[in-house]
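Data first, discussion second: the structure below is written as structure tokens.
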Amino acid sequence: MNGRLALVASWLIVCLAAGRSAQAQGAGAPAPARVEVSASFGVDGGTKFGDRDATLTANGAGRTADSFVLFHTSTQMRRAGVVSGRLAIALGRGLAVEGAMSLNRPSVVTTVQSDVERSGTTFMLDQRLSRYSFEGSVLLHLRALRFAGGRGLPFVDAGGAYLRDVDDGHALIESGRSFHAGAGVKYYFLARRDRFLKAAGLRVQGRMEMISRGFNPAGKARRRGGGAAGVFFGF
Amino acid sequence: MIARKTLRGLAAWLALAYTVGVVSPVEGYLKFGTRIGDRIVSLRWNRIPVRYVVGDLGVVGVSADQLQGAVDRAFRTWEALETSDIRFEFAGVTSAAAVQGDGVSTLGFTNRPDLDRVLGQTSFFIDTRSGEILEADIFFNSAFQWSVAPGGEPDRFDLESVALHEIGHLLGLGHSAIGETELRPEGGRRVLAAGAVMFPIAFTAGNISARELKPDDMAGASDLYPNGALRGRTGSMSGRVTKNGGAVFGAHVIAFNLQTAALVAGFSVESDGGFTVGSLDPGVYIVRVEPIDDASVESFFSDAARVDVDFLVSYYERLVIVPGGGGTDRLEVKVTGK
């Protein structure tokens, strides 16, 4: 939770800095296009769902019962590649709204240990999921922090997403939601004002997410990080 | 002490097994069943509420009124299951001994010192053409020391706990194998832990923790007497257990819910090693398969010779997703010999 607060606070500070310096832009630097599409490939970090014991009620002469552990489990979602497509619309002065659709295929792995009848053996059980994410973000370009002669343009973004998790057998379809905040850099290879294709370049970004519901054996919100790199085109 | 290794309901199961001789493969946890033609039908009550009378004999430490109170609490515990429609009706007190076939289900104390390992026993009268249970009598063996104290009493068996187990049989449920035991130096087995009221070996005298139903008990009762309005809320899993490509009969299949930690189990009881575990809450499950090595195989199967206990505990290689109102099938759990 502290990490999330720190992230949000950092993002707000950057936003304030961007607003204060927005008046001082250089005239020759590439400006974000009215409409921008991008595609990226990245990695969504893993998530630990925690440990859980299979317990029985222990026998005893006493009136209260203790637990007897039949076996111990630990479950996590492993990091996985993610492909995304994005469409951004500029609202003016560096601000844009962005919609994105992403797909990744993480493995959920449960490790079973300390089985009362196989104590020395570790079992690894898994299940592959398809996670579809439909997100909306507000993106703020930090023009005052441009670098490389104006070709490098940092940005911050924040938003939310609707998640849809489906297992390979299509027995599970879980919905969830996430909130994210992050930052990144666009590097312009092409910037011109009088053509249909106004801009093109590379985009690199990182983010932190808080995810609730969806596939979630732990039943509580969990945090994960991620990063992506790709290309963008401005029109 | 003899009571520590008491088997509950074993004689009832054997008696029923001799009469009926099969176990229903319809769902996982064992249910009493009967063969009608080429079908196996679960034994169940069709006339609900199930009416019962209680004997008017008390024993040292438990009066007749206290017997009735303990039995009533046990019936109410089964009735309280949200996912089951089973209902009971108290029809009075009787001084008559239970008579099989009189149509009256009677619960009471009977002195059976000859059954030195049996705390209680349930016997049935069924319609073999339909599988309908017409009558079930339960006796509690007054050769043992009993208690109805709210917190239990040392060296006395808790009557409500044993009544809860026997009423499970009355419903048509067989024994659950969710439990661990150890061999006693003087013979027999001692229960280390249990995950179901229907486990065939009682907790130590003085222990009252079997007054509460466990998920496996709830799943069994909900499967036999489902609440129609809630049936679409639960799901099932099915598959087969194999060893070297061949079917394994009598393997104990445990489904562990990763979200709720509930344990619900069944057995591979079909000729191809097939199993089904039903009445499961939707969610993500681990499937563990073990040989029956606790209590005795005869506590669970009349056809004990067919039961394969020569394999190691194994887990299905995937996490299993159980959807609400549906099922996940074709799971194949491969086990290896010891």
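We did not get these values from a lab; they are worked out from the coordinates using the rules stated. Bear in mind the structure is a predicted one, so any value in this text is a computation, not a measurement. Positions of Cβ are backbone-derived with ideal geometry, glycine not excepted, and every protein chain shown enters the neighbour counts.
For this structure, a couple of remarks:
- Antiparallel DSSP beta bridges within chain B, as percent of all bridges there, nearest 5: 70 percent
- Distance between the modelled labels on A:LEU197 and B:LEU134, one decimal in nanometres: 8.7 nm (7 Å Cα→Cβ projection).
- Per-residue shielding of A:120-131, expressed as the average number of other chain Cβ atoms within 10 Å of the residue Cβ, stands at 3.
- Taking the average, over residues, of other Cβ atoms within 10 Å as the packing measure, peptides B:103-110, A:45-52, A:117-124 rank B:103-110, A:45-52, A:117-124 from highest down.
- The mean number of partner chain beta-carbon atoms within 10 angstrom of a residue's beta-carbon across peptide B:309-318 is 4.
- Pairwise FRET efficiency - B:ASP272 versus A:ARG128, Cβ, R0 = 35 Å, nearest 0.05: 0.80
- At an R0 of 45 angstrom, the distance between the Cβ atoms of A:ALA229 and A:HIS170 translates into a FRET efficiency of 0.90.
- Point-to-point label distance, B:ALA149-A:LYS220, nm (Cα→Cβ direction, 7 Å offset): 3.9 nm
- Once the chain from B:ASP303 to B:THR336 is taken as fully extended at 0.36 nm per residue, the excess over their C-alpha distance is 9.6 nm.
- With Rh defined as the Kirkwood radius, the inverse of the mean 1/r over Cα pairs, the Rg/Rh of chain B is 0.96.
- Packing-based ranking of B:195-203, A:138-146 yields B:195-203, A:138-146, ordered from highest to lowest mean Cβ neighbour count within 10 Å.
- Relative contact order of chain B, pairs being alpha-carbon contacts under 8 Å that are 6 or more residues apart, as %: 19 percent
- Across peptide B:185-194, the mean count of Cβ atoms from other chains lying within 10 Å of each residue's own Cβ comes to 3.
- Other residues whose C-beta falls under 14 angstrom from the C-beta of B:LEU230 contribute a net charge of -2, scoring Lys and Arg +1 and Asp and Glu -1.
- Dipole of the stretch A:128-209 [Lys/Arg +1, Asp/Glu -1 at C-beta], most positive-end residue of A:HIS141, A:SER175, A:MET208: A:HIS141
- Here the Karplus relation 6.51 cos²θ - 1.76 cosθ + 1.60, evaluated at θ = phi - 60°, turns the backbone of the stretch B:157-174 into coupling constants of 6, 7, 5, 4, 5, 5, 4, 4, 5, 5, 5, x, 5, 3, 5, x, 8, x Hz, with x for every Gly and Pro.
- The listed peptides B:152-160, A:169-177, ordered by packing as a protection proxy, come out as B:152-160, A:169-177 (highest mean of other Cβ atoms within 10 Å first).
- Kirkwood radius and radius of gyration were both taken over the C-alpha atoms of the protein assembly as shown, and their ratio Rg/Rh is 1.15.
- B:LYS214 long-range amide H proximity, modeled H, under 5 Å: B:VAL197
- Spin-label pair B:ASN46/A:ALA39, simplified geometry with 7 Å Cα→Cβ offset, distance in nm: 6.5 nm
- Extension gain from B:ASP293 to B:GLU317, taking 0.36 nm per residue of separation minus the Cα-Cα distance: 6.4 nm
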